[in-house]
1. Of all residues in region 199-229 being of a type in the set (V, I, T) and touching a Pro at 6+ places or on another chain (Cβ under 9 Å), which is surrounded by the most Cβ atoms within 10 Å (Cβ to Cβ)?
2. Go through region 169-193 residue by residue and tally those that are within 17 Å of the chain's Cα centre (by Cα) and of a type in the set (G, A, S).
3. Just one of the numbered conditions (1) modelled with pLDDT of 95 or more; (2) surrounded by fewer than 17 Cβ atoms within 10 Å (Cβ to Cβ) is not true of M120; which one?
4. Kindly indicate whether A225 is outside any strand (DSSP E or B), over 22 Å from L98 (Cβ atoms) and of a type in the set (A, V, I, L, M, F, W, C).
5. What residue, among those in region 163-176 that are surrounded by fewer than 18 Cβ atoms within 10 Å (Cβ to Cβ) and assigned to a loop (DSSP other than H, G, I, E, B), is modelled with the lowest pLDDT?
6. Would you confirm whether any residue within region 123-134 is out of contact with any Cys (no Cβ under 6 Å at 6 or more places or on another chain), within 17 Å of R210 (Cα to Cα) and among the small types (G, A, S)?
7. Kindly evaluate L98 against the criterion of being modelled with pLDDT of 90 or more, within 27 Å of L219 (Cβ to Cβ) and surrounded by fewer than 20 Cβ atoms within 10 Å (Cβ to Cβ).
8. Given (1) modelled with pLDDT of 95 or more; (2) part of a loop (DSSP other than H, G, I, E, B), identify the lone condition not met by D90.
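The values are calculated or read from the model by the stated rules, or taken from the named source; none is laboratory data. What you see is a predicted model; the values in this text were computed from it and never measured. Cβ placement follows ideal geometry from the backbone for every residue including glycine, while neighbour counts extend to all protein chains displayed.
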Amino acid sequence: MDAITGGPGSHGSRFRGNAPGVAGVFTLALALVLAGCGEETPEGATPTPDADVAAAVPPDAPPRDHFFENLASQCGQAFPGQLGLEPPGDDMLEGDELLVVHFRECEEDELRIPFHIEQMDGEWDRSRTWIIRKVDDRLELRHDHREPDGTESEVTQYGGFTETAGSANRQEFRYDQEYADGSVRGWRIIIEPGVEYVYGTIRNGEWTWRVDFDLSEPLPDTPPAPWGH
């Protein structure tokens, strides 16, 4: 899975600790539980969404602000998901794992969205957190990868920035690395509150790896904190 491992083009046979790549972009490594509006939330606790963060933005605000607000509106909730697209030969996921996105921490200019994976042996991989920030007139996506002891993985903090206006429901982040073959790689995120959250890697505008989450009904319990948080 390209996006989970190390860079929009690098694929990585191991699911944990890689950078973007489904073919290279998705090194996985998204939500958002408000960290208490500046207050630290105890591990395993369910933060309360911050009304100020999720407050409606002006109708004439840039699409990125509406996109950010749509993500923040899910704060404090977790949702189930499944593998949506995986290229032939990719063995990062078998396809039957339970995937959970937790909108865990929401601040005015930063959202932290852990991505949990219940592996086929019943153990949980809690190594990934998607971080989305407002930076000047763009949005930035970073992948925070941790080991079980909380230390940073060898490959972590990779990501990129938006280069176009996008829309309130869809944004694309270009990987901040050039490829010899001239391909453009990165990530795409789709958010429709109450309907779906989609995350995956793209190459030249096409999906290369994707996970889909159903936002119609939140899980009754939120997962514990991701490793290192």
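1. Looking at the filtered set, the residue picked out is T201.
2. Summing the residues that are within 17 Å of the chain's Cα centre (by Cα) and of a type in the set (G, A, S) in region 169-193 gives 1.
3. (1)
4. Answer is no for this residue.
5. D176
6. Scanning region 123-134 turns up no residue that is out of contact with any Cys (no Cβ under 6 Å at 6 or more places or on another chain), within 17 Å of R210 (Cα to Cα) and among the small types (G, A, S).
7. It is true that L98 is modelled with pLDDT of 90 or more, within 27 Å of L219 (Cβ to Cβ) and surrounded by fewer than 20 Cβ atoms within 10 Å (Cβ to Cβ).
8. Status for D90: all satisfied but (1).
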